[in-house]
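*Asks:* Next up is a structure, given as structure tokens.
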Amino acid sequence: MSLSSVAPSVSTDTTVAYHHQPSHGIIPAELIDKVKNYYEHKGHTHIADDLSRQTHQQGHTRAQRTIRQASRDVPSLLPDGQTVKVYSARNTERLRLKLMRSSSTVSSDKSVNEAYDGSKATYDFLKKRYNWRSVDNHKMPLYSTVHYDRNYCNAFWDGDEMVYGDGDGKFFNRFTKSIDVAGHEMGHGVTQERCGIAVSRDGKPTGVDYEKEAGGINEGLSDILGIQIKQNALGLTSAQSDWLIGSEIIAEYKGKKYALRSMANPGTGFVDHPYLGTDSQVWRYSDYLTRAQTDEVDPHDSSGIVNKAFWHASMKLGGNSWEKAGRVYFETMPLIKFDETFGGIADKTIATAQKLFGQGSAEEAAIIESWKIVEVKL
Ligand SMILES: [Zn+2]
């Protein structure tokens with residue numbers, strides 16, 4: 001099956017395509033709450049208030065987007081379809097407030113350049129490795145807004161653009177600093193365009209849900225794209241990669257480095273951080289089931305199951321992650337349902353590996369083994 005043959009036929013009107021997609025930050029609200037508690041305890045109420053507002057921010061962003069889109073200019077695409085623009089919110093909540101960069105001319109602002117590079121790396125990766133043009137395969141321009149809000153401790157894809165906070169400076173650095181964060185968030189856009197097609201009534205993509213097992217799959221697919229984008233940009237094979245997501249986002253504390261997540265060893269992205277505690281990702285399906293009995297499991301935690309499976313298959317198969325394991329996952333995306341389960345995606349990736357590489361192939365065996373490692377029943 002060629003890559004282009006599985007491209008969904010979707011409207012170029014992104015306001016329609018993204019209508020039901022809420023914004024998903026790179027880090028869970030629970031972690032922001034820990035930082036908020038620290039500032040509250042220290043009596044820095046203005047920072048605590050900023051952080052408190054962020055966890056209630058989703059609805060606001062949606063409303064703002066509607067206003068902006070009503071007066072939105074029609075972007076002019078470059079001949080190759082590549083348009084990357086970076087704006088500054090100047091520490092307000094206004095997206096696309098001031099255009100900072102739209103060409104290869106470097107800015108004096110680090111965040112601006114990192115956001116530009118993140119979008120470009122994502123575009124280049126998708127085009128070169130999967131022949132997928134921009135987030136929507138329709139050369140959608142990639143816009144970013146940096147310096148969003150004050151002390152904003154997250155980055156998100158709002159349905160048609162990237163938004164990055166500066167962090168609080170003590171626990172979190174600027175969110176443009178890790179290229180895989182850009183890749184992860186724009187990966188949510190790819191998931192929205194490429195998944196849920198098989199089961200939607202009108203043949204238009206519905207994406208993947210953001211709760212239960214589907215939530216972990218949604219987050220996992222974004223980490224999987226994010227890490228490939230990082231590996232491609234840095235020229236690293238699977239064996240050479242650190243398999244860390246957001247390794248520049250949590251600020252160094254007393255000389256110790258932290259990452260948001262580890263795909264090789266979920267639950268060890270950060271360990272015993274004096275204020276943030278320990279990464280709560282799970283990677284065994286049995287652990288997910290245990291936790292799900294008492295609590296709704298955050299998608300950023302249950303994604304460890306998919307992340308670990310992808311890491312295992314990539315390591316087993318060697319070379320670059322996008323050549324085999326990555327290709328299997330990318331080709332599987334149109335088969336993934338809105339309310340997908342871990343068992344479902346496991347079966348589908350195995351079927352795709354068979355289709356692409358043959359029954360009894362090393363690729364099929366590696367994918368099967370990867371799901372056994374994380375205890376997903378086949
Ligand atoms: Zn995410």
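*Asks:* Output yes when any residue across segment 160-171 is surrounded by fewer than 24 Cβ atoms within 10 Å (Cβ to Cβ), over 23 Å from residue 39 (Cβ atoms), modelled with pLDDT under 90 and of a type outside the set (S, T, N, Q), and no when none is.
*Replies:* Yes, some residue in segment 160-171 is surrounded by fewer than 24 Cβ atoms within 10 Å (Cβ to Cβ), over 23 Å from residue 39 (Cβ atoms), modelled with pLDDT under 90 and of a type outside the set (S, T, N, Q).
*Asks:* What is the one condition in (1) among the charged types (D, E, K, R); (2) within 14 Å of residue 27 (Cβ to Cβ); (3) within 16 Å of the ligand (Cβ to nearest atom) that residue 174 does not satisfy?
*Replies:* (3)
*Asks:* Then there is this: Quick check on my filter: what residues within segment 249-267 are under 13 Å from residue 307 (Cα atoms) and open to solvent by 70 Å² or more (accessible area, probe 1.4 Å)?
*Replies:* Hit for segment 249-267 is 265, nothing else.
*Asks:* Name the residue, out of 157, 132, that is farther than 19 Å from residue 88 by Cβ, in contact (Cβ under 8 Å) with a residue 40 or more places away in the chain and not hydroxyl-bearing (Ser, Thr, Tyr).
*Replies:* Among 157, 132, only 132 is farther than 19 Å from residue 88 by Cβ, in contact (Cβ under 8 Å) with a residue 40 or more places away in the chain and not hydroxyl-bearing (Ser, Thr, Tyr).
*Asks:* Oh, and also: Being open to solvent by less than 50 Å² (accessible area, probe 1.4 Å), modelled with pLDDT under 90, touching a helix residue (DSSP H, G or I) at 6+ places or on another chain (Cβ under 8 Å) and assigned to a helix (DSSP H, G or I) narrows it down to one residue among 54, 64, 21, 82; which is it?
*Replies:* The unique qualifying residue is 54.
*Asks:* Select from segment 282-293 the residues that are touching a residue at least 24 places away in the same chain (Cβ under 8 Å) and crowded, with 18+ Cβ neighbours inside 10 Å and write down the one among them that is farthest from residue 237 (Cα to Cα).
*Replies:* Ranking the candidates gives 288 first.
*Asks:* Can you list residue pairs whose Cβ atoms sit under 7 Å apart, with the first residue in segment 89-115 being touching a residue at least 24 places away in the same chain (Cβ under 8 Å) and farther than 25 Å from residue 54 by Cβ and the second being in a loop (DSSP other than H, G, I, E, B) and open to solvent by less than 40 Å² (accessible area, probe 1.4 Å)? Count only pairs 6 or more apart in sequence or on different chains.
*Replies:* none
*Asks:* So, in segment 217-246, of the ones that are in contact (Cβ under 8 Å) with a residue 60 or more places away in the chain and away from the ligand (no atom under 16 Å from the Cβ), which residue ends up most open to solvent (accessible area, probe 1.4 Å)?
*Replies:* 239
*Asks:* Of the residues that sit in segment 294-314 and are open to solvent by 10 Å² or more (accessible area, probe 1.4 Å) and closer than 14 Å to residue 374 by Cβ, which one is nearest to the ligand (Cβ to nearest atom)?
*Replies:* Going through the qualifying residues, I end up with 301.
*Asks:* Here is a follow-up. Suppose we keep only residues that are open to solvent by less than 10 Å² (accessible area, probe 1.4 Å) and either at pLDDT 95 or above or among the small types (Gly, Ala, Ser) (or both) within segment 202-216. Which one would you say is nearest to residue 344 (Cα to Cα)?
*Replies:* Among those that are open to solvent by less than 10 Å² (accessible area, probe 1.4 Å) and either at pLDDT 95 or above or among the small types (Gly, Ala, Ser) (or both), it is 214.
*Asks:* If residue 180 satisfies all but one of (1) within 16 Å of the ligand (Cβ to nearest atom); (2) modelled with pLDDT under 95; (3) of a type in the set (Asp, Glu), what's the number of the condition it fails?
*Replies:* (2)
*Asks:* A further question follows. Could you list, in sequence order, the residues of segment 95-136 that are under 30 Å from residue 330 (Cα atoms), outside any helix (DSSP H, G or I) and open to solvent by 20 Å² or more (accessible area, probe 1.4 Å)?
*Replies:* The answer is 102, 103, 104, 131, 133.
The values are calculated or read from the model by the stated rules, or taken from the named source; none is laboratory data. Just so you know, these numbers come straight off a predicted model, no measurement behind them. Every residue, glycine as well, gets a Cβ built from its backbone with ideal geometry; the counts of neighbours run over all protein chains shown. Surface areas here come from the heavy atoms of the whole protein model, side chains and all, with no ligands, DNA or RNA. Shrake-Rupley method; radii C 1.70, N 1.55, O 1.52, S 1.80 Å.
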